[in-house]
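Peer 1: Structure provided below as structure tokens; questions to follow.
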Amino acid sequence: MRTTAAVWAGKATGALSRLTRRGGGTTFPGDVARAVDGNVLKRLAGQLSGGAVLITGTNGKTTTARLVSHLLEGLPATVVANRAGANLIFGATAAAVRSAGLDGRLRADWGVFEIDEASLPAAVDEIRPKTVLVGNLFRDQLDRYGELEHTALTIQKALDRLAQGSRAVLNADDPRVGEIGLALRHKPLWYGLGDRGVASDHLPHAADAITCPRCGARLDFEAVFVGHDGIYRCPNGDFDRPHPELEASKIRLEGLQKVALSVGGTELQLPLGGLYNAYNLLAAYAVGSALGLDAGYMAARLRTVEAAFGRLERFEARGRKITILLAKNPAGFNEVLRSALELAHGRRFLIAINDRIADGRDVSWLWDVDFEMLRNRAEAVIPGGVRANDMAVRLKYAGVEAVEPPEPDAERAIDRLLELTPEGGDAYCLCTYTAMLDLRALLVRRGWLRPYWET
């Protein structure tokens, strides 16, 4: 009875939130439901006939969760997922409550939940997943998470509590993730990139995990793909990149429109571009492999997925083509900048920076982003968001000349971007998390996009 009451309370809260347009009902219904029944998520997750998948890490959670959900839905199967990116334990609870029936029963096959790194221990205990994916660990929101070592230890403790028969799927290319996996009692499924043709031969200056976790020596990197993710080894022989069971080769990057790669003879394609999406594609394939899905089926299914909101999300306005890219830490920002400049040949940008709790209050990380890439390439850059002035200062020190006056107001910023973009031209909005939500809310009001909870 208590679980049923919790479901009713959560559903009512979500409906009221959407009716009053105060939000999508993606988090607060979970708070309310848990206040009525502290075990509501545990009880609902236990009713999933297939089981659950948890996806954690710093970057790529929402997109990878979207890919895994898409794979399972095509079986066909009924999938419960926190698609809107509300990845605390309350968001996972809200998703389960919303999908449950009025009798308090969750009639679904699978749960796919992206989970905040700090929330993973609680999620493992309550959801009891069949598979947990750890994609990467980059420096992010230091005022909230602390250093990477603390986050890695939190994840390792959570994975150690996985039930017998459950499996961790880990990115071998990330040294901190590698450290986690080598310490686990049960062997994980490792995946990684193997095509040196798309790699750099040096680390970015803001790389985070660059030392051996055992002896402290600086790691030797034979190839660098994204941030500090690459092919590495300790010069003293104390720590090496784990051998990937699933390794991607023949990686092809076709603008921001597509990425393709080969895994053990299976050709995979994703209608999203950028090297970071090669990781997301391979990660989803690895999860599917751990769940026993057919390789040919996954290859066909992954070709048809759509972008998650705010992640390579495209729209047209006044004859201009605009792409929104989420960028919330140095590693992610460097990749979306590089992709927009080198793969899409972007020249007009709105860079919106906020400093709310979900973004991290400390924006000093902007000085670790290689905005110098914009120098002599960008035709127009508009600093936007709550910290527009900070962004303008950073661009000045980067030597970017084509900088417009800072514009904190999202409406005026997007209108200025449209003015600076010729009809038929392209422009790019690079946003931190809440800046992206602010921008999308404006675009929804103008009828250019759907609300994020409907995507």
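The values are calculated or read from the model by the stated rules, or taken from the named source; none is laboratory data. In this text, all values refer to a predicted model and were calculated from it rather than measured experimentally. Heads up, the Cβs are rebuilt from the backbone with ideal geometry, glycines too, and the neighbour counts pull from every protein chain shown. These accessible areas exclude ligands, DNA and RNA; they are computed on the full protein's heavy atoms, side chains included. Shrake-Rupley method; radii C 1.70, N 1.55, O 1.52, S 1.80 Å.
Peer 1: So Q156 clears everything in (1) more than 18 Å from G181 (Cα to Cα); (2) modelled with pLDDT of 95 or more; (3) open to solvent by 10 Å² or more (accessible area, probe 1.4 Å); (4) polar (S, T, N, Q) except one condition, right? Which one?
Peer 2: (1)
Peer 1: Could you please give the count of residues in the range 324-334 that are part of a loop (DSSP other than H, G, I, E, B) and either among the aromatic types (F, W, Y) or surrounded by fewer than 22 Cβ atoms within 10 Å (Cβ to Cβ) (or both)?
Peer 2: Qualifying residue count, the range 324-334: 0.
Peer 1: Another one. Looking only at the range 271-304, count every residue that is in a loop (DSSP other than H, G, I, E, B) and either polar (S, T, N, Q) or surrounded by fewer than 22 Cβ atoms within 10 Å (Cβ to Cβ) (or both) and tell me the total.
Peer 2: Number of matching residues: 8.
Peer 1: May I pose another question? So K42 passes all but one of these: (1) within 19 Å of L133 (Cβ to Cβ); (2) in a helix (DSSP H, G or I); (3) open to solvent by 10 Å² or more (accessible area, probe 1.4 Å). Which condition number does it fail?
Peer 2: All conditions are met except number (1).
Peer 1: What are the residue pairs meeting all of these: first residue in the range 416-429, first residue closer than 13 Å to A344 by Cα, second residue of a type outside the set (S, T, Y) and surrounded by fewer than 18 Cβ atoms within 10 Å (Cβ to Cβ), Cβ atoms under 6 Å, and 6 or more apart or on different chains?
Peer 2: Pairs that qualify, where the first residue is closer than 13 Å to A344 by Cα and the partner is of a type outside the set (S, T, Y) and surrounded by fewer than 18 Cβ atoms within 10 Å (Cβ to Cβ), are D426/K321.
Peer 1: Going by the structure shown, is S119 within 13 Å of A158 (Cβ to Cβ) and surrounded by fewer than 24 Cβ atoms within 10 Å (Cβ to Cβ)?
Peer 2: So S119 fits the description; yes.
Peer 1: Considering only residues that are in contact with a Phe, Trp or Tyr (Cβ under 6 Å, 6 or more places away or on another chain) and either in a loop (DSSP other than H, G, I, E, B) or not small (G, A, S) (or both), look in the range 27-39 and name the one that is farthest from G10 (Cα to Cα).
Peer 2: Once the filter is applied, the top-ranked residue is T27.
Peer 1: Can you tell me how many residues within the range 431-451 are in a helix (DSSP H, G or I) and not aliphatic (A, V, I, L, M)?
Peer 2: Number of matching residues: 5.
Peer 1: Then there is this: Take the conditions of a type in the set (D, E, K, R) and touching a residue at least 24 places away in the same chain (Cβ under 8 Å) and apply them to D229. Does it pass? If you could, list the steps in order and put the result at the bottom.
Peer 2: Details: of a type in the set (D, E, K, R): yes; touching a residue at least 24 places away in the same chain (Cβ under 8 Å): yes.
Yes, satisfied.
Peer 1: Being in contact (Cβ under 8 Å) with a residue 40 or more places away in the chain, open to solvent by 10 Å² or more (accessible area, probe 1.4 Å) and either charged (D, E, K, R) or in contact with a strand residue (DSSP E or B) (Cβ under 6 Å, 6 or more places away or on another chain) (or both) is the filter here; which residues of the range 362-384 pass it?
Peer 2: Step one: of the range 362-384, the residues in contact (Cβ under 8 Å) with a residue 40 or more places away in the chain are 362, 365, 368-370, 379-380, 384.
Then drop every residue that is not open to solvent by 10 Å² or more (accessible area, probe 1.4 Å), which leaves 362, 365, 368, 370, 379.
Those that are in contact (Cβ under 8 Å) with a residue 40 or more places away in the chain, open to solvent by 10 Å² or more (accessible area, probe 1.4 Å) and either charged (D, E, K, R) or in contact with a strand residue (DSSP E or B) (Cβ under 6 Å, 6 or more places away or on another chain) (or both): D362, D368, D370, E379.
Peer 1: Against the condition surrounded by fewer than 15 Cβ atoms within 10 Å (Cβ to Cβ) and within 26 Å of S166 (Cβ to Cβ), how does G255 come out, does it pass?
Peer 2: no
Peer 1: Here's something else I'd like to know. Every residue in the range 45-61 that is closer than 30 Å to P330 by Cβ and open to solvent by 10 Å² or more (accessible area, probe 1.4 Å), please.
Peer 2: Filtering the range 45-61 down to residues closer than 30 Å to P330 by Cβ leaves 53-61.
Result: N59, G60, K61.
Peer 1: Take the conditions more than 26 Å from D438 (Cβ to Cβ), surrounded by fewer than 24 Cβ atoms within 10 Å (Cβ to Cβ) and touching a residue at least 12 places away in the same chain (Cβ under 8 Å) and apply them to L268. Does it pass?
Peer 2: Criteria met by L268.
Peer 1: Within the range 176-189, can you find the residues that are touching a Leu at 6+ places or on another chain (Cβ under 6 Å) and not in a loop (DSSP other than H, G, I, E, B)?
Peer 2: Those that are touching a Leu at 6+ places or on another chain (Cβ under 6 Å) and not in a loop (DSSP other than H, G, I, E, B): R176, V177, G181.
Peer 1: Output yes when any residue across the range 219-241 is part of a loop (DSSP other than H, G, I, E, B), in contact with an Asp or Glu (Cβ under 7 Å, 6 or more places away or on another chain) and surrounded by fewer than 20 Cβ atoms within 10 Å (Cβ to Cβ), and no when none is.
Peer 2: Within the range 219-241 (the criterion being part of a loop (DSSP other than H, G, I, E, B), in contact with an Asp or Glu (Cβ under 7 Å, 6 or more places away or on another chain) and surrounded by fewer than 20 Cβ atoms within 10 Å (Cβ to Cβ)), the answer is yes, since at least one residue qualifies.
Peer 1: Out of everything in the range 171-204 that is within 18 Å of C234 (Cα to Cα) and acidic (D, E), what residue ends up being surrounded by the fewest Cβ atoms within 10 Å (Cβ to Cβ)?
Peer 2: Filtering first and then ranking leaves D201.
Peer 1: Please count how many residues of the range 335-385 are β-branched (V, I, T) and not in a loop (DSSP other than H, G, I, E, B).
Peer 2: Qualifying residue count for the region: 4.
Peer 1: Would you pick out the residues in the range 411-436 that are buried (at least 21 other Cβ atoms within 10 Å of the Cβ) and hydrophobic (A, V, I, L, M, F, W, C)?
Peer 2: A413, I414, L417, A427, C429, L430, C431, A435, M436
Peer 1: A further question on this structure: On the given criteria, is T26 crowded, with 22+ Cβ neighbours inside 10 Å, within 30 Å of A207 (Cα to Cα) and under 24 Å from the mean Cα position of the chain (by Cα)?
Peer 2: So T26 does not fit the description; no.
Peer 1: Then there's this: Could you tell me whether any residue of the range 52-61 is in a helix (DSSP H, G or I) and at pLDDT 95 or above? Write out each step before concluding.
Peer 2: Restricting attention to the range 52-61, the residues satisfying the condition of being in a helix (DSSP H, G or I) are 61.
Subset that is at pLDDT 95 or above: 61.
The answer is yes, given that some residue of the range 52-61 is in a helix (DSSP H, G or I) and at pLDDT 95 or above.
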